[in-house]
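Below is one structure, written out as C-alpha cells, with a few remarks after it.
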Amino acid sequence: MLQRNDAYLVGYYGMRNSGDDALMLASAWGIKHILGSNTTKISLAGSVQHPLFGAQAANLKPNQRFSGENRLAHYRSAFTSKRVVFGGGSVLHSETDINLKRHLMGLTRSNANLALGVSVGPFATSGAEKACTKFLNECSFVGVRDSESLDIATSIAPNANVQKTFDLAPLLLCSEHYQPLKSARLGIALALCPVAIDAMGNIDKEAETRRVIQLAQLITRLHLTTGEPITLLEFNGHALLGDWQINHPIMRKLKSTVPLYIKPYNPDPIAVISDLGQYKCVISMRLHGAIMAYLADTPVISLNYHRKCRGWCEQIQMAKNYQFELNELDFAQVAWQVEKGLSDGFIEPKLPKKSALTQALSNWRVNDEFTPI
C-alpha cells in the first residue's frame, strides 16, 4: 500500500544552487511549522540532508534512464500526497513545466494546492500564458514575490486567489539552526554568475570574455584601494551550469597579481547566510546572493541582470546608487560605491528585516488565515 504524505514540495531543488536551496529549506520550514505537516516529500534531482528535515533521497534523476522517467516520479509523489506546494522561484514561464504542475495538482485530488513566493512570466509563447491562466485558477492560493508578477497574474487570471507576498528566504531566520556569526567583518565577496549561457550550458564566449576582463579590473582596483581580501562565492556548484564558468576565468586572468579565494558551494543555506555575515560588503549578480547577504546584515551592491533582481532592490528600498544594470555597467562606479561605503559607511536598505520576515510569512495566509493540512 502506498504511504500518503501530507505534502509534496516541488521546485528546482537538489541542483547545487544556494538560492534554490534557500527556497527549499524555507518552504520545508513553513510546511512543517505553519501548515503542520508531519510528512513532506521533496522533489529532488540529488539527495540532500539537513537537521530540519533529515535525509531526503532523490526521487528525480539528473540523467533519465528513459524519456519521461522524472515525470512518472513526479506523478507518483503527487498521487501519494494530500497537497502540492510549489515553493518559490521563477517557476511560471514555460508551457510544458506549467502543465506538469497542473497535472501534479490534479493527482492530489485536493483543492488546497499552493504556489508561494513565485514569479510569473515572462511567457515565451501564448500557450504558456494560457497554461499559466489555468494554473493560477486551479491553485488554492498563489503568493507572488514581485509587483510585475502580480500585474501579469491579475491581468490573465483576475478571479484567481493571487496576492503579492515576498521571497521565501527570510523564513530561514526563524529556524533554530540559524546562529549569526559574531566575529569581526573582513573582506569583499562577489557572487557572480555566467549569464551569457543557454539551457544546454553553451556560453557566449565573446560576451563572457568582456565580462571577465571588466570584473578582473574591478577586483584589482578594489584590492589596491581598500586592501581587503577578495572572495569569489560559488552559489551554483553544478558541474555543467555552475559559477566555476565565471570564477575560474577570473582567477586565471589575475593569476598571482591579486590574492583571490573561491568559497566552495555549501549545500546548507543557513550556513551560507552565516558565512555572508563575515564580509564587509557583497557585490552580487545572483538574486539570492543579494537576499541572503541582506539577511546577514551585510551591505550589498546589486548587479542586476534580470527583472527579479530589480524587483528585490525595489522591495527592500535599496539605495539607488547601489543598483547597477549589468548590460550598461560602469565598473569604476561600482568600485567607487564600495570604497565610499567602506570609508564613510553604507546606506542601509529602508525595509527592516523584521518587515521582510513578516512579508515572507504572508505567503502562508489564504484569506488572512493560515492554511493547515
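The values are calculated or read from the model by the stated rules, or taken from the named source; none is laboratory data. Everything numeric here is computed off the predicted structure, so don't read it as measured data. Cβ placement follows ideal geometry from the backbone for every residue including glycine, while neighbour counts extend to all protein chains displayed. What goes into the accessible areas is simple: the full protein's heavy atoms, side chains included, and nothing from ligands, DNA or RNA. Shrake-Rupley method; radii C 1.70, N 1.55, O 1.52, S 1.80 Å.
If the condition is being polar (S, T, N, Q) and over 20 Å from residue 176 (Cα atoms), then the stretch 21-49 contributes 43, 47.
If we scan the stretch 72-91, do we find a residue that is part of a strand (DSSP E or B) and without any contact (Cβ under 8 Å) to a residue 40 or more places away in the chain? No: the stretch 72-91 contains no residue that is part of a strand (DSSP E or B) and without any contact (Cβ under 8 Å) to a residue 40 or more places away in the chain. Checking residue 151 against (1) of a type in the set (Asp, Glu); (2) touching a helix residue (DSSP H, G or I) at 6+ places or on another chain (Cβ under 6 Å); (3) at pLDDT 95 or above, which test does it fail? Result: residue 151 fails condition (2) only.
Annotation: of all residues in the stretch 344-370 being under 29 Å from residue 87 (Cβ atoms), without any contact (Cβ under 8 Å) to a residue 40 or more places away in the chain and in a helix (DSSP H, G or I), the one that is least open to solvent (accessible area, probe 1.4 Å) is 355. For residue 306, only one of the following conditions fails: (1) closer than 28 Å to residue 357 by Cα; (2) at pLDDT 95 or above; (3) of a type outside the set (D, E, K, R). What is its number? Every condition holds for residue 306 apart from (2). The single condition from (1) open to solvent by less than 40 Å² (accessible area, probe 1.4 Å); (2) farther than 20 Å from residue 234 by Cβ that residue 55 fails is (1).
For first residues located in the stretch 268-294 and among the acidic types (Asp, Glu), partners that are at pLDDT below 95 and open to solvent by less than 20 Å² (accessible area, probe 1.4 Å) and lie 6+ apart or on another chain with Cβ distances below 7 Å form the pairs 268/50. Within the option set 174, 193, being under 30 Å from residue 114 (Cβ atoms), in contact (Cβ under 8 Å) with a residue 40 or more places away in the chain, surrounded by fewer than 18 Cβ atoms within 10 Å (Cβ to Cβ) and of a type outside the set (Gly, Ala, Ser) holds for one residue only, 174.
Here's the yes/no breakdown for (1) open to solvent by less than 60 Å² (accessible area, probe 1.4 Å); (2) under 30 Å from residue 208 (Cα atoms); (3) part of a helix (DSSP H, G or I):
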site	(1), (2), (3)
270	yes, no, yes
282	yes, yes, no
302	yes, yes, no
313	yes, yes, yes
324	yes, yes, no
334	yes, yes, yes
342	yes, yes, yes
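From the list 361, 342, the one residue that fits, being of a type outside the set (Gly, Ala, Ser) and more than 22 Å from residue 116 (Cβ to Cβ), is 342.
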